[in-house]
Structure formats: C-alpha cells, structure tokens
Amino acid sequence: MGVVRQLRQVDADDSGIDIAFRADVHAGLSQAQKAIPARWFYDATGSALFEDITGLPEYYPTRSEVALLTRHARELAAAIGPGRAVVELGSGSSTKTPLLLDAIAPGAYVPVDISGDFLRDSAAALSARFPDLPVYPVEADFTQPVALPREICGLPKLGFFPGSTIGNMVARSAVDLLRHWRGALGDGALMLIGVDRIKDIGTLERAYDDSAGVTAAFNLNLLERINRELGGTIPVANFDHRACWNDVHARIEMHLVAACDLDFIVDGRSYTMAKGETIHSENSHKYGPRDASLLLRAGGWTPIAAWDDVDPAFALILAEA
Ligand code: AVI
C-alpha cells in the first residue's frame, strides 16, 4: 500500500516564508516578556536535534513512554481493538509509533506534522516497515484545524498524541486542541495520550539542560532559524540556554538569555535586548493524575485506562470520545 500522498496545509507567501512564523516572531519579540511559540523549533534541523534529545541519558520521557508501550502492548491492543485509523499528532518518532502499530493492527496511519521534509522521510520509513498499511501523511500544524484525508472517513479513529507534547501548551490551548480533535475524530474515537508527571526538580531540570548541550543547541536553533528564514541578524553566540522549573505553573520553562546588551534586525525590523533579558521559548507542563484527568475531561474526552508503572514517572492515558 505504502505512502499514498502527502497533503500540505501550511500557508506561505510568494517568497516561501511561512506567514504564521513571521507573524509569531514579530509579535513575540515586541512583547515586554519576549516569547516565541515552541512549535517553531521544528524545522529540519530542530526536528533532527529533537530526535537526538530523545536518546539522551537525561531525557527520560521517551525512555519511560517506550517502556510503557512495550510492557503494556497486549492491554493496549485489547482496549483499542484492530482496524482503527491512527491519527498521530506531531509524528516523528522512529521508535514509538511502530510499537503501537505492531500492537494494535490498525486500518490506516495518518501522521500529522508541521515539518514537511521530516514527515516525508518518517512516513517512507514507516511504510517500508508496514508495507500493507495505507499511510496518508498530512503536513500541517496540528494545533490548528486540520482536514483529514477522505480515505479514512469510514474507519473508527484513534488519536495518538505521545511524548507529552500536550505539555508544551498552556491549559487553555491544550483544552482547545483536545476539543478540536474530539470533533475531528468523531463519535466512537479513542485518544491515547502521553503525559509527563511532576517529579523532583533535579531530574526535571537535567532533562532540559543536558550535559552534552544538545537541548541548548535545540533552543538556540530557533534563533538560527529566524536568521535563516526571516533575514535576521541575531547574534546567536551572545545568547545562553536556560531551563528552569516554575512551581506555580508546574512546568519547565526554556529561555534564551541575552549575555550582553544587543540590537538586531529581523525581516527589516529592529529589536533591542538588555543583558539578562530573555526570550521565553518553551513551556513543558507536568501533570499529576487528577490534573491530567481534569484536562482530558475539559477537552471532551473521558479517561478509561492509564498505565504509569515506570520510573522516572510518565503516564499513557487512553480516553474515549
Ligand atoms: C516535544 N516536547 C514534548 C518536548 C518536551 O519535553 O517538552 C520538547 C523538548 N524541549 C526540550 N527538550 C525536549
């Protein structure tokens, strides 16, 4: 069957610059607390760096989630059943998806990812491994409304949202996203979601500030990307990576810290930063069992099973529409 075709649902202007990227960067650099949405990390370089992060000794979420998928494959199969169209939000992991597909015998696979090149490669690799499975890649931002391929219309759906990516959204956006996908996947759908747990601060901060500096490179690549794609003159070498736990919001925050007073241009506009000022580049929220359940219910999903017997703590939650 193989990769059927790749749908593209990303807006670009005549010069090929992603309109939403440009708008988010200008809006974010104009705020008192500068901030750029974390979804812009994932150009080809950022996606490759994130794959490297998932293999780091300090970055436990991937290891913990893979252990859960492996250990509980039979229970997952029994709870989900065969023949569903698996719609993966923010696909890209070469390790997790095959574990799920092996366990549940799906009817189709629809990876949805904003990084077109990365999506193409991972869809092709997956298709080679599951030659009888129809694969319909969709290049799109899964936080925005996405039209699903009409070929999967008649199949029951399983949303697969692994990796604790929901944690990268503030609660209001997370609920909006869950509600959107509740509508898009329809009655009878299931959602399998990975959620990272609150744990000791040292383990959390090390996971986002590894000793090899890969997470720092991932964070700094956001500035490189702005320079590459928006004609920026940001002096990347004058920024430091920072990852810290915010206990009020129960989240790891990543920032890009100006090491000295700076001025630079992006897409024809001038910006200044004082020494120590930061660009807030990512939130990674962590959830206790009740918080996660509340979030899912607010988003229109009812949890029906959870697996979390792993250390460092992480949870896989299955919910029904
Ligand atoms: C994709 N997302 C769930 C990762 C996380 O853990 O928040 C992104 C990441 N940022 C730094 N390291 C990993």
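Over the chain, what is the mean sequence separation of C-alpha contacts under 8 Å (at least six apart), divided by residue count, expressed as relative contact order in percent?
Details: 641 pairs, mean separation 69.2, N = 321.
Computed value for the chain: 22 percent relative contact order.
In whole Å, largest first, what are the principal axis extents of the Cα atoms in the stretch 117-215?
Ordered largest first, the stretch 117-215 gives principal extents of 47, 33, 19 Å.
Return the lysines within reach of LYS34: Cα separation strictly under 26 angstrom, same-chain partners fewer than 8 residues apart disregarded; answer none if there are no such residues.
Straight-line reach from LYS34, under 26 Å: LYS275, LYS286.
What order do THR272, THR203 take when sorted by accessible area (1.4 Å probe), most exposed first?
My answer, sorted largest first, is THR272, THR203.
Gap in Å between the Cα centre of the stretch 260-321 and the Cα centre of the stretch 187-205?
Using only Cα atoms to place each centre, the spacing works out to 10 Å.
Taking Cα atoms of the stretch 140-194, Rg/Rh with Kirkwood Rh, to two decimals? Don't skip to the answer; put the middle values down first.
Values: Rg = 11.4 Å, Rh = 12.0 Å.
Answer for the stretch 140-194: 0.96.
Once Lys and Arg get +1 and Asp and Glu get -1 on their Cβ, which of GLY188, ALA207, LEU158 lies farthest toward the positive end of the dipole of the stretch 139-221?
GLY188
Counting only protein heavy atoms and a 1.4 Å probe, tell me what percentage of the chain's accessible area is made up of carbon and sulfur.
Ligands and nucleic acids excluded, carbon and sulfur give 52 percent.
Please arrange LYS199, LYS34 by accessible surface area, largest first, computed with a 1.4 Å probe and ligands excluded.
I get LYS199, LYS34, largest accessible area first.
What's the percent breakdown of Cα-Cα distances in the stretch 13-118 across 5 Å bins, shortest bin first?
2, 10, 15, 17, 16, 13, 11, 7, 5, 2, 0
In angstroms, what radius of gyration and Dmax does the stretch 166-280 have, counting Cα atoms only?
Answer for the stretch 166-280, Rg first and Dmax second: 17.9, 55 Å.
Beyond 17 Å, what share of the Cα-Cα pairs of the stretch 60-110 is found? Please give it as a whole percent.
Across the stretch 60-110, Cα pairs with separations above 17 Å total 34 percent.
Taking the chain on its own, what percent of its Cα-Cα pair distances exceed 36 Å?
Of the Cα pairs, 17 percent sit more than 36 Å apart.
The values are calculated or read from the model by the stated rules, or taken from the named source; none is laboratory data. Nothing here was measured: the structure is a model prediction, and the numbers come from that model. Cβ: placed from backbone, ideal geometry, glycine included. Neighbour counts: every protein chain shown. Surface areas here come from the heavy atoms of the whole protein model, side chains and all, with no ligands, DNA or RNA. Shrake-Rupley method; radii C 1.70, N 1.55, O 1.52, S 1.80 Å.
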